[in-house]
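In what follows, a single structure is set out as structure tokens and then discussed.
The values are calculated or read from the model by the stated rules, or taken from the named source; none is laboratory data. In this text the structure is predicted, and so the values were computed from the model without any measurement. Methodologically, a virtual Cβ is constructed for each residue, glycine included, from the backbone with ideal geometry; neighbour enumeration extends over all protein chains shown. To get the accessible areas, we keep the full protein, side chains included, count just its heavy atoms, and leave off ligands, DNA and RNA. Shrake-Rupley method; radii C 1.70, N 1.55, O 1.52, S 1.80 Å.
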Amino acid sequence: MTDTPSDAISSSVSPSASPSVSPSASPSLTLLGLGAMGTAFARAWLAVGYSLTVWNRTPSRAEALIAEGARPAASAAEAVAENGLVVTCLLDDASVGAALADADLTGKDLVDLTTGTPSEARTRAAWAEARGARFLSGGIMAVPPMIGAPEAGGYVLYSGSQDLFETHRTTLAPPAGTRFVGGNPGHAALQDVALLSGMYGMIAGAAHAFALVRGEKDISPAEFAPLLAQWVAAMSTMIPQIGEQLESGDYESGVTSGLAMQVAGIKTLLSTAQDQNVSPELLTSVFDLMRRRAETGGGREGFAGMVDLLG
Ligand code: NDP
């Protein structure tokens, strides 16, 4: 499924607002799933005075929230019946299917914050629409302590029904920022996975860097850490250039540190790893790609051409 131009990524992340809601205007919604993340979302909505109905497969996990003002439901179907807006935050897509199996979704607005693949999100969207619901898939770019804490910068990527998103964006906002990324229900999950993949690449480099230095008695990992964090942050500024080059197809303009020069430096990195008794396994695949691209005419490019080698 592909997006139409009108489905293009919407503007910016709206801040995770903490609106002061007057009792008469208090939005109401249902939340299924009170694990670590669901509980954090529940607390953020309760904190701004929303009327929140909750259900969890293991009822004891709802007790603290009920004491804080959440309304209990005896079953998922009963919880769904309580409100037009229903949010799921469950372990995986199979648990969403299990929880909603007996629920009447006719006329409901279903927002699924459960992590899954793009394909699962598209299938779940079709499943929900066949049951009479509008559907929005969410990818949470935060960990529980960042929920309800706007200064932490957490946000949720949403894709699917734009009408649903526009109807409920204010209601959805208190736990985390909201960002609509298009009408394809799989695109929130796809961008979620892409962002996580970038994070794991960064962690791979950081793990290798720490392994290089930690055996030295005069280098403290704790003191080295801010140097590493600042360097990685500074180097992340090359990412927008890669994006622009992938769009333009011109991989050489503006490149100041071409692959040929960088490939020449690989032997220094590998020799140093050997001297420090550090396995190069986290970096060998990226080095292999750099060499392949440089050897096939990409020596004056930056890193954009490596994306072509991947797929
Ligand atoms: P938890 O493991 O803490 O909670 C899982 C929840 O799913 C519980 O409510 C559990 O119920 C429920 N559940 C599991 N299987 C079923 C089932 N078959 N039927 C009904 N309910 C079921 O996970 P989190 O709350 O941390 O995560 C929830 C979602 O948020 C996941 O998709 C996760 O990937 C995503 N997320 C989490 C982040 C995090 O840092 N925690 C970060 C970003 C996304 P029970 O209590 O009965 O076991």
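Peptides 42-55, 296-309, 173-186 ranked from most to least packed give 173-186, 42-55, 296-309, packing being the mean of other C-beta atoms within 10 angstrom over each peptide's residues.
Counted over all Cα-Cα pairs of the chain, pairs farther apart than 27 Å make up 53 percent.
Packing-based ranking of 224-232, 257-265, 139-147 yields 139-147, 257-265, 224-232, ordered from highest to lowest mean Cβ neighbour count within 10 Å.
Here the accessible area of the stretch 12-190 is 53 percent carbon and sulfur, with a 1.4 angstrom probe and all protein chains present.
With all projection directions averaged, the alpha carbon convex hull of the stretch 174-311 covers 11.3 nm².
Once backbone amide H atoms are built at 1.01 Å from N, residue 31 has 53, 54, 55, 87 as its partners under 5 Å, excluding neighbours fewer than 5 places away on the same chain. Our summary gives the chain a relative contact order of 15 percent, counting only alpha carbon pairs under 8 angstrom and 6 or more residues apart. By the combined test of axial Cα extent (at least 30 Å) and Kyte-Doolittle hydropathy (mean at least -0.5), the qualifying DSSP H helices of the chain come to 187-213.
Scaled against 2.2 N^0.38 Å for its residue count N, the alpha carbon radius of gyration of the stretch 237-310 is 1.17. Averaged per residue, the stretch 237-310 has 63 square angstrom of accessible surface, using a 1.4 angstrom probe with ligands and nucleic acids left out. Note on the stretch 12-190: Cα-only Rg and Dmax are 14.5, 40 Å.
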